[in-house]
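Written below as C-alpha cells is the structure these notes are about.
Please treat every number below as a calculation from the coordinates, not as lab data. What you are looking at is a predicted structure, and each value in this text was computed from that prediction instead of being measured. Reconstructed Cβ throughout: ideal geometry from the backbone, glycine too, with neighbour counts over all protein chains shown.
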Amino acid sequence: MSEQPAVRTSDVWKVFEHDGIAVEAVRGVTLEILPGEFVVMAGPSGSGKTTLLNLLGGLTQPTRGKVWIDGADLTTLSERALARLRLERVGFVFQAYNLLPVLTARENAEFSLLLQGMAEDERHRMVGELFERIGIAGLEDRRPAKLSGGQQQRVAVARAVVGAPALVLADEPTANLDSATSLALLDVMANLNRELGTTFVFATHDPQLMERAQRLIRLVDGAVALDERRSAPASP
Amino acid sequence: MREGRWWRIGWRNLGRNRRRSIVTASALAIGYFSVVLMVGLLKGLVAEMVDNGTGIVTGQVQVHADDYLPDKEVYATIGGRDGADVAALVATLEADPDVAAATPRVYGGGLVSTGTATGAALFLGVDPEREPRVSRLMQSLVRGRQPVAGAYEVLIGSELARTLEAEPGDEIVVVAPAIDGSLGNDLFVVAGVFHTGLVDLDRAFALFPLDVLQSLIALPPSRVHEIAARVPDPWLAAEAAARLAAELERGSLPVAAESWMTLRPEMVEYANLSEAMEWVLMVIVFAMAIFGVANTMLMATFERRYEFALLRALGTTPGAVVRSVLYEAVALGAIALAAGAAITLPVLVWWYHAPPSVAWLFGETTLSGALMRPVLRVEYPWLMGVAAAAALFGTAVLAALYPAVRAARVAPADTLSGR
C-alpha cells in the first residue's frame with residue numbers, strides 16, 4: 001500500500017473578485033506532498049504561491065477542487081473543525097506578524113500545545129528542548145520586541161514544529177532576514193526536517209532556500225509549470 | 001486552552017496602549033462616579049424629604065381610633081368614650097423592635113387672641129417629656145422656653161406670633177370647642193415661639209402640655225387622639241405599623257396603626273419617581289459610555305487584526321477569539337471599577353459627613369409638603385453602587401461584543417496576505 005500524502009490537492013482553483021473582475025490566483029493545481037518532504041514553491045510575484053500555501057493549510061477554501069491533509073477533505077469541514085485541524089496537523093511560519101507581542105518567546109512557541117490542553121510541565125519541557133536544538137535557549141522569557149528578526153523567526157519555527165504536525169507551511173520565512181540569518185534559519189528547518197521528519201512546504205523567492213529544496217515546484221500564473229524532485233538532501 | 005491564558009492575554013493587551021486604556025477606563029470610572037454620586041444625591045433628597053416630612057411632626061407611625069382619619073373628629077379618641085390605658089399603649093408601641101419612642105397626642109382647634117389681634121389655630125397637646133423623642137417640633141424653638149406639663153403655657157409658631165404680635169411672656173386667650181359641647185377658654189402664657197420653616201405649621205400651630213389641652217377641651221386623661229412613634233429607619237415603618245396593628249388588634253381596641261407611607265402618600269410617590277429616575281440616569285450615562293468604549297475597542301481590534309488572523313491561523317476557534325476580546329473588556333471594566341470606586345467612596349463619605357450648603361443658591365424650601373434644607377445631602381446608594389458596577393461591566397462587555405465578533409471574523413489568509 002502506498003504512503004498517504006501529508007497533503008494532496010485535486011484540480012484546485014482559487015478565483016478572487018477584484019472590482020467585479022475575476023482573478024484566477026490558482027488554476028487547476030493537483031499535487032501530492034509526501035511526509036518528510038522539503039518542498040519549495042517558487043515563482044514570480046503574483047504567481048499564486050501564497051494563495052496555494054493558504055489553500056494547503058486550510059486558511060482559505062478553494063473556489064473549486066479538493067484539498068486533503070492526512071486524508072481529511074478540508075472542503076467539507078466546518079470553520080471549527082478546520083481550526084482544530086490546523087491546530088493539530090499544520091504549522092505555520094509567516095513572513096511577518098508571526099508572534100503575538102504580548103506573549104513571551106516560550107508562550108508563543110507553546111501556544112498550539114496550550115490550545116491542545118497539554119500540561120504546563122510537558123509544554124515547557126518540549127519547548128525547552130526545541131529552543132536548545134534551534135539555538136535560542138535562554139530567550140524563553142523575552143517578549144518578541146526584545147528579540148532580533150532571526151530569533152523571532154526561530155521562535156515561529158519552534159511554534160510551527162513543536163506539536164509534530166503533518167506539515168509545516170512557511171510563507172517567505174526568510175524575506176525579512178539578512179543573508180547570514182536566513183542561512184542559519186534554513187539550517188534549523190533542514191535539521192528539523194531530517195531529524196524529526198517534519199514535512200516543510202515553502203513559498204519563496206529566496207535562491208538559498210530553493211537550493212535546499214528536495215522538491216521544487218515552480219508556479220507560473222497560478223498553475224504548476226515545473227514539479228521537480230531532486231536527489232540532493234535538504235540538510236546543511 | 002484554559003481560560004486563564006486568555007485572561008492573561010486580555011490583561012496584557014490593555015498595557016500595550018496604556019494611554020488609550022487609561023482614557024477609556026477613566027471614562028467608565030467617571031461614569032460610575034457620576035451615576036453613584038447623582039443617585040446618592042437623589043437618595044439624599046428623598047431622605048431629607050422623608051426625615052423632615054415625618055420627623056418634624058408626623059412621626060413614622062401613628063396609632064388612632066379606626067374612625068379618626070380622615071375627618072379628625074375631636075370625639076374620635078382611642079378607645080372611644082371610655083378611653084384607653086394610654087401608658088400601656090405607649091409601652092406596647094415602644095416594645096416593637098423598630099420603634100425607638102412613642103408619645104400620646106391630643107388635637108383641637110379654635111381661636112387665640114392677644115386682645116389686639118386674633119387668629120385661628122390648630123392645637124396640639126403633647127407630653128413635653130416624650131414628644132422630643134418622637135418629633136422635632138419642640139426642638140424648633142427659636143425664642144423663649146419649653147412649656148411645662150400642667151402649666152397653662154403654650155408654644156406658638158413664628159408666623160402666628162407675628163400675626164398676634166405675641167412674644168414669650170405675653171398672655172393670650174385661647175378659645176376652643178370642647179367635646180361636651182361647651183366652649184373651653186382660658187388664659188395662657190406664651191412660653192416660647194417655634195420656627196420649623198414650614199409655613200403651615202408656623203402660621204397655624206399652637207402646642208400645649210397634653211394634660212392642659214385635655215382639660216381645655218374636656219377630655220379625660222385616658223382619651224387621646226393619637227400615639228405617634230419614631231422609627232429611626234423610616235423605610236421600616238410600614239412593617240412596624242403592620243406588626244403594631246396586629247398586636248393592637250389582639251387587645252380588642254378598634255384602632256388603626258399606619259405608617260407615614262399611608263399618611264403621606266405624596267412623599268411615597270415622589271420617592272418612587274426618584275427611584276425610577278435613578279435607573280433612567282444610570283441607563284443614560286452608561287449608554288453614552290458604550291459608544292466611547294466601543295469606538296476604542298474597535299480601534300484596538302482593528303489595529304490587531306493581524307494578530308487575530310494569526311490566532312485563527314494557528315487553530316484558535318472564532319469563539320475563543322471573541323472571548324479573548326471580551327476578557328480584555330472585562331479587565332478594562334475591572335480597572336475602571338477599581339478607579340471609579342477609589343474616587344467615589346472617599347467623595348461619598350466626605351459628602352455624607354459634610355453636605356455642602358447651597359444657601360447661596362436657594363433658601364429653605366418644601367418638597368411634597370416636607371421642609372428641605374438648603375444643603376446637598378447624599379445617602380450611600382449601596383444597591384445602586386452594586387448595580388452601577390454591574391452596569392459598568394455590562395457596558396464594557398457590550399461595547400466589546402461587536403469588535404470581538406469582527407475580530408473573530410477576520411479572514412486569516414486575506415489579512416496575513418495584506419488583502
Subject >> Candidate aspartates and glutamates - alpha carbon under 17 Å from A:K146, same-chain residues fewer than 8 apart omitted >> reply: A:E107
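Just counting partner chain Cβ atoms within 10 Å, what average do the residues of peptide B:303-314 show around their Cβ? Each step should come with its number before you reach the end.
Numbers: counts 0, 4, 1, 4, 5, 0, 3, 9, 4, 5, 12, 13.
Mean number of neighbouring Cβ atoms from other chains: 5.
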Original post:
What list of ³J(HN,Hα) couplings, whole Hz, do you get for region B:140-151 from phi and the Karplus terms 6.51, -1.76, 1.60, once you set θ to phi - 60° and write x for glycine and proline?
Top reply: 7, 4, 10, 9, x, 9, 6, x, 9, 4, x, 8
Subject >> Per principal axis, descending, Cα span of region B:61-230 in whole Å >> reply: 46, 35, 28
**OP:** Using only the alpha carbons, work out the radius of gyration and Dmax of region A:39-163 in angstrom.
**Re:** 15.9, 47
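Let me check against my output: what whole-number percent is the relative contact order of chain B, with C-alpha pairs under 8 Å and at least 6 apart?
Details: 772 pairs, mean separation 111.2, N = 419.
Rounded, it is 27 percent for chain B.
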Subject >> GNM top mover of B:E303, B:E258, B:E275 - chain B, alpha-carbon springs below 10 Å >> reply: B:E303
**OP:** Apply the Karplus parameterisation 6.51 cos²θ - 1.76 cosθ + 1.60, with θ equal to phi minus 60°, to every residue of region A:9-15 and state each ³J(HN,Hα) to the nearest whole Hz, in sequence, with x for glycine and proline.
**Re:** 10, 9, 6, 7, 10, 9, 10
**OP:** Kindly express, to the nearest 10 degrees and within the range 0 to 90, the angle between helix A:149-161's C-alpha long axis and the longest C-alpha principal axis of chain A.
**Re:** 70 degrees
Original post:
For region B:274-398, taking Cα atoms only, what is the radius of gyration to one decimal and the Dmax to the nearest whole Å?
Top reply: 21.0, 69
**OP:** As a check on your grasp of the helix formula, calculate [θ] at 222 nm for the protein assembly as shown: sum -39500 (n - 2.57) over DSSP H runs of n ≥ 4, divide by the residue count, round to the nearest 500.
**Re:** -14500 deg cm²/dmol
Original post:
Hey, which lysines would be in cross-link range of A:K14, C-alpha to C-alpha under 16 Å, not counting anything within fewer than 8 residues on its own chain?
Top reply: A:K49, A:K66
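Which helices of chain B meet both criteria: a Cα extent of 27 Å or more along the helical axis and a mean Kyte-Doolittle score no lower than 0.0, with helices taken as whole DSSP H segments?
Values: long enough: B:18-53 (50 Å, 0.92); B:265-303 (57 Å, 1.05); B:318-353 (52 Å, 1.33); B:382-408 (38 Å, 1.57).
Length and hydropathy pass: B:18-53, B:265-303, B:318-353, B:382-408.
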**OP:** Against the globular-protein guess of 2.2 N^0.38 Å, express the Cα radius of gyration of chain A as a ratio, rounded to two decimals.
**Re:** 0.99
Original post:
Roughly what % antiparallel, to the nearest 5, for the DSSP beta bridges in chain B?
Top reply: 80 percent
**OP:** Show the residues, 5+ positions off or on another chain, whose built amide H is closer than 5 Å to the amide H of A:F202.
**Re:** A:V39, A:V40, A:M41, A:A170
Original post:
GNM on chain B, C-alpha springs below 10 Å: top fluctuator among B:Q60, B:Q214, B:Q139?
Top reply: B:Q139
Subject >> Whichever lysines have a C-alpha closer than 24 Å to that of B:K43, once near sequence neighbours (fewer than 8 apart) are set aside >> reply: none
Original post:
Quick one: Cα centre-to-centre distance for region A:176-215 and region B:313-342, in angstrom?
Top reply: 38 Å
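Within region B:305-409, report the chymotrypsin sites (Phe, Trp or Tyr not before Pro) that DSSP leaves as loop and that have at most 11 other Cβ atoms within 10 Å. Before the final figure, lay out each step's value.
Details: sites: B:Y306, B:F308, B:Y327, B:W350, B:W351, B:Y352, B:W360, B:F362, B:W382, B:F393; in loops: B:W360, B:F362.
Those that pass, being in a loop and sparsely packed, are B:W360, B:F362.
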Original post:
Under a GNM of chain B (C-alpha, springs under 10 Å), which listed residue has the highest mean-square fluctuation: B:A313, B:A387, B:A206?
Top reply: B:A313
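So for chain B, considering every pair of alpha-carbon atoms, how many percent are separated by more than 39 Å? Write down the numbers at each step before the final one.
Values: 37197 of 87571 pairs.
Considering chain B, 42 percent of its Cα-Cα pairs are separated by more than 39 Å.
Using Cα pairs under 8 angstrom and six or more residues apart, how large is the relative contact order of region B:61-230, in percent?
Working: 405 pairs, mean separation 57.9, N = 170.
RCO, region B:61-230: 34 percent.
How many percent of Cα pairs in the protein assembly as shown exceed 50 Å? Show your work: numbers first, answer last.
Numbers: 97720 of 214185 pairs.
Result: 46 percent of Cα pairs exceed 50 Å.
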**OP:** With everything on Cα atoms, drop me the angle between helix A:120-133 and the longest principal axis of chain A, reported from 0 to 90° to the nearest 10.
**Re:** 80 degrees
Original post:
Between region B:198-215 and region B:35-56, how many Å separate their Cα centres?
Top reply: 28 Å
**OP:** Collect residues whose amide H, placed 1.01 Å from N in the peptide plane, falls under 5 Å from the amide H of A:V23; neighbours closer than 5 in sequence don't count.
**Re:** A:F16, A:E17, A:H18
**OP:** Tell me which residues come under 5 Å, amide H to amide H, from A:D227 once H is placed; ignore anything under 5 positions away on its chain.
**Re:** A:R218
Subject >> Contact order normalised by residue count of region B:1-127, Cα under 8 Å, 6+ apart, percent >> reply: 10 percent
Original post:
Karplus couplings for region B:172-180 from phi (6.51 cos²θ - 1.76 cosθ + 1.60, θ = phi - 60°), rounded to Hz, Gly and Pro as x?
Top reply: 10, 9, 10, 10, 9, x, 9, 6, 8
